[in-house]
1. Once fully extended, how much extra length lies between residue 81 and residue 123, figured as 0.36 nm per residue of separation less the alpha-carbon to alpha-carbon distance?
2. For the stretch 198-258, just list the percent of Cα-Cα distances falling in each 5 Å bin from zero outward, please.
3. So, in nm, how far is label residue 281 from label residue 180 when the simple model puts each one 7 Å beyond its Cα toward the Cβ?
4. If the cut-off is a Cα-Cα distance under 17 Å, which lysines reach residue 164, setting aside same-chain residues fewer than 8 apart in sequence?
5. So who's got an amide H within less than 5 Å of the one on residue 139, skipping anything under 5 residues away but keeping other chains? H placed 1.01 Å off N, in plane.
6. Could you check the simple spin-label distance between residue 139 and residue 99, using points 7 Å along Cα→Cβ, in nm with one decimal?
7. Taking amide H positions as placed 1.01 Å from N in the peptide plane, with prolines and chain starts having none, which residues 5 or more places from residue 52, or on another chain, fall under 5 Å of its amide H?
8. For residue 166, list long-range residues whose amide hydrogen, built 1.01 Å from N in the peptide plane, is under 5 Å from its own amide hydrogen.
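Read the figures in this text as sums done on the coordinates, not as results from a lab. The structure presented is a predicted model; accordingly, all values stated were derived computationally and were not measured. Please note: Cβ atoms are built from the backbone with ideal geometry, for glycine as well, and neighbour counts cover all protein chains shown.
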Amino acid sequence: MTGYNHHAEGQTGGNDRGEDDSVRDPAELSSPVVPRDCPSCRSPSIHHRIEVRSKVDLEINPGDVLDEYWGGFRRDDFFFDYVRCGSCGLLYNSEYLRDDLIAHAYSDMEDNTSGVPQHLLRKTQGRYVTAMENIAPMDGVYLEIGPDIGLAAKLAVERGSISKLVLVEPNRATHNALSLLAPTVDTVVLESIDEVDRGIQVDRLFLVHVLDHLANPRDDLVDLRKRMAAGGLLAVVVHNEASFLRRVLGRRWPPFRLQHPQLFSRRTLTTLIESCDFKVLKVRSTFNTFSARHLFATGLSMVGLEPRWLSRVPEFALTVPLGNIIAIAEAT
Ligand SMILES: [Zn+2]
């Protein structure tokens, strides 16, 4: 993997460090960290109190290799402090990485499945599809942001009558697999939300662990709403920062990490979605199916232990509430 600095050098003709800085792109030398106001209601951050401080103090400087911080569940993981919006209640970072740095980091990742066997991932994704099917069947144009390896999209095609798949995945490594996901259905694979055809009328929109990753979640949601048919359905899955697990673990709760510039509760998720011309039909806890071995590995690395003896843990499936929530909403 390459850091953003390396990447930027590639674009400007491969300058080595030590060469005259005047030939470099000015953006490369500007601060990698930018201030933000509440990304849901725009209330100024200056009024908001820090609620969760990072486990480690760290300064990010121009030229740092972002990938060093972007990795997995390490004990010393750095994240930006989270403040609580006094106006809408959202928990968010009042400073975050510049958009171009984030885009590059996401374009160059391994898939997000962290070694969980695919049949178990399918069970978890199947619950998300069912939550929407409880309102209406899987019909019409299906759009998913961050489909990863496309498990939910494939289930939607198998279980309903999807006429078109539009899959927006910043991680190019999965594009080939995504384009072959459903050979009988017209499939478009794109890299960013901006590339989605403005004239499209989306009927089923899935955002699974996406809204808490976006630097500008409200702007993106407003843009997506414009591409939806009235009566179209939206499913959003996010971590629940008001969950029991978060209260027990405090700042060691794993979703407190660099990749999550904001984290939601049922209330703040509903507020954001409904501010973008959707009516939330239901919000409830959702369950994840893991292998016992994967769960142990995650737990061990969270407390800083090497999971060397893990091969002795039997391989069986566990369905657990990990403090995630799903909201189903209708475009109004
Ligand atoms: Zn707010």
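1. Values: separation 42, 0.36 × 42 = 15.12 nm, distance 3.39 nm.
Here the answer is 11.7 nm.
2. Whole-percent P(r) values from 0 Å outward: 4, 16, 21, 18, 15, 10, 9, 5, 2, 0.
3. With each label point 7 Å from Cα toward Cβ, the separation is 3.5 nm.
4. 154
5. 161
6. 3.6 nm
7. Long-range HN contacts for residue 52: 82.
8. Excluding prolines and chain starts, which carry no amide H, the hits are 142, 143, 144, 188.
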